[in-house]
Amino acid sequence: MKMVMKVEGVCCPNCADKIERKITSLNGVDSATLAYMTQKLTLEISGDPESISNDVEKIILKTVPKAKITKV
Amino acid sequence: MIDKKEAAEIIIGAVLLAAGLVIHFTGGDALTEAILLGAGCIICGYEVVMECVSNIRGGTIFDENLLMTIAVVGAFLIGEYPEALAVLLFYRVGEMFEHYAVDRSRRSIAALTDIMPDTANVIRDGKTISVSPSEVEVGEKVLIKPGDKVPIDCKVLEGASSVDTKALTGESMPRDIDAGDELFGGFINLTGPITAETLRPYGESAVSRIMEMIEDSASRKASSERFITVFARYYTPAVCLISFLVFLLPVLLLGGAVQTWLYRALTILVVSCPCALVISVPMSFFCGIGGASKLGILVKGGNFLEMLAKTETVVFDKTGTLTKGTFSVSKIHPSENMTEDQLIEMAAEAEFYSSHPISLSIKEMYGKAIDPAVVGASQNVPGRGVITEVKGSAVHIGNLKMMSAMGHNATDACCKGTKIHIATENGGYLGHIAVSDVAKADSVLAVKALKEDGIKTVMLTGDNGEVAEAIAKEVGVDEEHSDLLPQDKLSVLENIIKEGKGATVFVGDGINDAPSLARADVGIAMGGIGSDAAVEAADVVIMNDSPANVVSAIRISKRTMRIVWENIIFALAVKFVILCMAVFGYADMYLAIFGDVGVTIIAILNAARCLSVGSTVLKGSITDPDYPKTNISI
């Protein structure tokens, strides 16, 4: 299943990369890309969408506290 | 767009720096100087330190905020007050510029893709009401007034007009349309009102699919984009270590002065900030892809742009790609006991179920409606033709291979063009119909330009040798393979891929090209958004049907890659030189600031150049803004 979120406020591609790696290592997430330029997080998941999106949000806010996350 | 608080902090910082410098150089009170500059540092540096602290809490230690914090605190401790504030101030200015530039390029690409129609005028119960395009159902009638965007993919029922297709195709000439023509959502109606019937739901319409493609492109990162983030992951801690050693070793081993070596170490920290690299690389790809979409070229990811830049061979499918793909009957050649009319009637009936361009041309030539009752079972023989029951007898229609497989005596050595032979099981050979296709004007331009760029061109076709050769000669391709069955095309392509060192690009348009599009290093689908399977399998989609845009796509990719590497090499070289100078005491903090902020700004401005793609358009092609004019002068 595909899941897309808009993540605003990621400061640089480094942070994006860091978030991406942490999310990819989550259980139930097959792949994740966070594109710095389009500010879009694209996930391919096989687990429970609800709990994954909670975990994803936590990861993003821990790495970039001022990030704004909206589900698409 | 510019944050007021940010701007205010920078201005206050600048004023305090100026005041501090005046005191510093006029030999004023050192304490006043320290207080003024210290205040500046707190105002400008507060955010940086806070960010650094919150990042460390989040598990990220080494980033540019830490580099800056150490450098500024260190400079202050050794009494270099003006330097401390200057570093901070320029760092903030650089950051602000960076955000501004990135934001601007985001916006300019968002503007490019602003092709989504806002409303649709749908006709329900005789009344025209304005609704959101997503509420319109398939098969409803919509009214499109002059100046309106076509809301949804639809077919014209009434009215003639011309439409501006530029937003979708990059084509500058308006297209004339009439009843029966298909329109894509996002076209702009120019002259007269049209009533049209919707063909697809909004979500599957061309414009929604294009938007999705552009949005998704950034999620396919190029390997140089990945490389640079991985590089930065090791680079920043490594630089901190080097800087630490530059301070520690001379002081411990050589008995160097603490102050001198601390200053040098801090200079190294400042210069080696990786921002320039890290931001400019994804920005270049993003702008390159955005620029390409201005010309009606949709690239599905940075990785494909990177691959396109390595193009060694371009393999074209012939029909519909290099040629117009619309055939017309040029000759009807019946055997003795048939008339031309009888032959074309039988052919049209036998091809009743086929939607192959050649079949369409035969049916068009026949010109009359076919009674479905006379047509029986029909069987498609791939690469050969069709066998259809017509009025009770089996009609064999197709190429020479079809004839010999069925045991008919026929020859292609007659008139010009592609020959379609007709025979019946009982009546034997009945004659042939010759159809011909013409090359697109842009094909010649494109092949010529590819040659100039040192790229080999190959044409593949299922047509017979004579026809293929004529087109190959006209267009000027280096190599042609004819008489190919669909599966042969794939194996020829695989051979080319195997033999080549660089990337092999396949350009095709039809559903049967999907395997080749998927197999090639880069698959380019032509003819826009029409054929789903081809667009799905392709890596690049050319909206306006022009092979000249294949050249533009390759040139854009090369230009983007050049800019990417220019930035990487320029930034690393400048940083390395300044770093070496700093070790030996030849670089001060101000030079280091240039090595950080100055280089970042230059790299970002350079990356933004990827957005301007005008120079890659072939003169005289349909994408050329001067197209109608140049066309007349030829």
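Please specify each residue of the stretch B:190-225 satisfying the condition of being over 21 Å from B:E137 (Cα atoms) and more than 19 Å from the chain's Cα centre (by Cα).
Passing the criteria: B:L190, B:T191, B:G192.
What strands (runs of 3 or more DSSP E), lying completely within the stretch B:251-351, carry at least 3 residues that are in contact with a strand residue (DSSP E or B) (Cβ under 6 Å, 6 or more places away or on another chain) and in the same structural domain as B:D371 (by TED's automatic domain parsing)?
Counting at least 3 such residues, we get B:328-334.
Quick check: anything in the stretch B:154-165 touching a helix residue (DSSP H, G or I) at 6+ places or on another chain (Cβ under 8 Å) and at pLDDT below 90?
no
Picking from B:L31, B:L21, B:L36, B:L17, which residue would you name as being assigned to a helix (DSSP H, G or I), aliphatic (A, V, I, L, M), more than 14 Å from chain A (Cβ to nearest Cβ) and within 49 Å of the chain's Cα centre (by Cα)?
Matching residue, one of B:L31, B:L21, B:L36, B:L17: B:L17.
Are any of the residues in the stretch B:51-62 modelled with pLDDT under 90 and more than 14 Å from chain A (Cβ to nearest Cβ)?
Checked the stretch B:51-62: no residue is modelled with pLDDT under 90 and more than 14 Å from chain A (Cβ to nearest Cβ).
Report yes if some residue within the stretch B:334-353 is β-branched (V, I, T), buried (at least 20 other Cβ atoms within 10 Å of the Cβ) and modelled with pLDDT of 85 or more; otherwise report no.
For the stretch B:334-353, residues β-branched (V, I, T), buried (at least 20 other Cβ atoms within 10 Å of the Cβ) and modelled with pLDDT of 85 or more: present.
Do you know which residues across the stretch B:236-257 are within 14 Å of chain A (Cβ to nearest Cβ) and buried (at least 20 other Cβ atoms within 10 Å of the Cβ)?
Passing the criteria: B:T236, B:V239.
Being closer than 30 Å to B:L37 by Cα, surrounded by fewer than 19 Cβ atoms within 10 Å (Cβ to Cβ) and among the small types (G, A, S) is the filter here; which residues of the stretch B:79-135 pass it?
Of everything in the stretch B:79-135, just one residue is closer than 30 Å to B:L37 by Cα, surrounded by fewer than 19 Cβ atoms within 10 Å (Cβ to Cβ) and among the small types (G, A, S), namely B:G79.
Under 6 Å by Cβ, and 6 or more places apart or on different chains, what pairs join a residue from the stretch B:181-210 that is farther than 16 Å from B:E158 by Cβ with one that is of a type in the set (F, W, Y)?
B:A206/B:F184
So which of B:K473, B:K501, B:K451, B:K456 ends up being more than 24 Å from B:A538 (Cα to Cα) and not assigned by TED's automatic domain parsing to the domain that holds B:A348?
Of B:K473, B:K501, B:K451, B:K456, the one residue that is more than 24 Å from B:A538 (Cα to Cα) and not assigned by TED's automatic domain parsing to the domain that holds B:A348 is B:K473.
From the list B:I297, B:I332, exactly one residue is more than 24 Å from the chain's Cα centre (by Cα) and among the aliphatic types (A, V, I, L, M). Which is it?
B:I332
How do the strands (runs of 3 or more DSSP E) wholly within chain A filter down when requiring 2 or more residues that are within 13 Å of chain B (Cβ to nearest Cβ): which remain?
The qualifying strands (runs of 3 or more DSSP E) are A:2-8, A:29-35, A:40-45.
The values are calculated or read from the model by the stated rules, or taken from the named source; none is laboratory data. Remember, predicted model here, so these are calculated numbers, not experimental data. Because the Cβ atoms are built from the backbone with ideal geometry, glycine has one as well, and the counts that use them run over all protein chains shown.
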